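Novice: Let me begin by handing over the structure; questions about it come next.
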Amino acid sequence: MDARIEVDTPLGPIWFWGRDTGRPLLVVITGAFNPPDYMWRIQEAFPTADVVRAHLPGNHCPELRETSIAAFVRAYDAALTRRWPGRPTMVLGVSTGGIVALGLRAPSVRRLVVIEPPLMTAGVWP
């Protein structure tokens, strides 16, 4: 069963849903307007890791003092650094959550998986 993990940041609280047993961490940041149960069964696919899901601020969780991708990145960086300092972390970002994931700089973040960020990629690859 998922527990809500609340982390205070300078921009407001960030909420995660999942488990925390001390294992390597997978953080899932969902996109805009996803339902509350989006990816709720992802823990089953990663039994040897702790998986926590997070909605973008204002979507099934409190809003931040600022509303921008940059503010969301700062808040998630602060939350990861405060709650899980030094814990090996992989971030899965979906859609707008993928843009947030791409901006993260928390030292514990080792890998990113980004699915369909709404970015223009024409001409990026040959």
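Novice: Using unit Cβ charges (K, R positive; D, E negative) and no other charged atoms, how large, in debye to the nearest 20, is the dipole of the chain about its Cα centre?
Specialist: 380
Novice: Can you tell me the relative contact order of the range 1-80? Whole percent, Cα pairs under 8 Å, sequence separation 6 or more.
Specialist: Value for the range 1-80: 36 percent.
Novice: To continue, here is another question. With every protein chain left in place and a probe of 1.4 Å, what is the accessible surface of Thr89, to the nearest 10 Å²?
Specialist: That residue has around 0 Å² of solvent-accessible surface.
Novice: With N denoting the number of residues in the range 30-86, provide Rg(C-alpha) divided by 2.2 N^0.38 Å, to two decimal places.
Specialist: 1.25
Novice: For the ranges 54-64, 73-83, what's the packing order if you count other beta-carbon atoms within 10 Å of each residue, average per peptide, and put the highest first?
Specialist: Answer by packing, highest mean first, reads 73-83, 54-64.
Novice: Where Rh is the Kirkwood radius over the Cα pairs of the chain, the temperature 4 °C and the viscosity 1.567 mPa s, what D in µm²/s does Stokes-Einstein return?
Specialist: In µm²/s, the coefficient is 89.
Novice: Given the -39500 (n - 2.57) contribution per DSSP H run of 4+ residues, what per-residue ellipticity at 222 nm results for the chain, rounded to the nearest 500 deg cm²/dmol?
Specialist: So the calculated ellipticity at 222 nm is -5500 deg cm²/dmol.
The values are calculated or read from the model by the stated rules, or taken from the named source; none is laboratory data. Since the model is a prediction, treat every value here as computed from it, not as a measurement. So basically every Cβ, Gly included, is an ideal-geometry build from the backbone, and we count neighbours across all protein chains shown. Remember, those area values only see protein heavy atoms, side chains included, never the ligands or the DNA or RNA. Shrake-Rupley method; radii C 1.70, N 1.55, O 1.52, S 1.80 Å.
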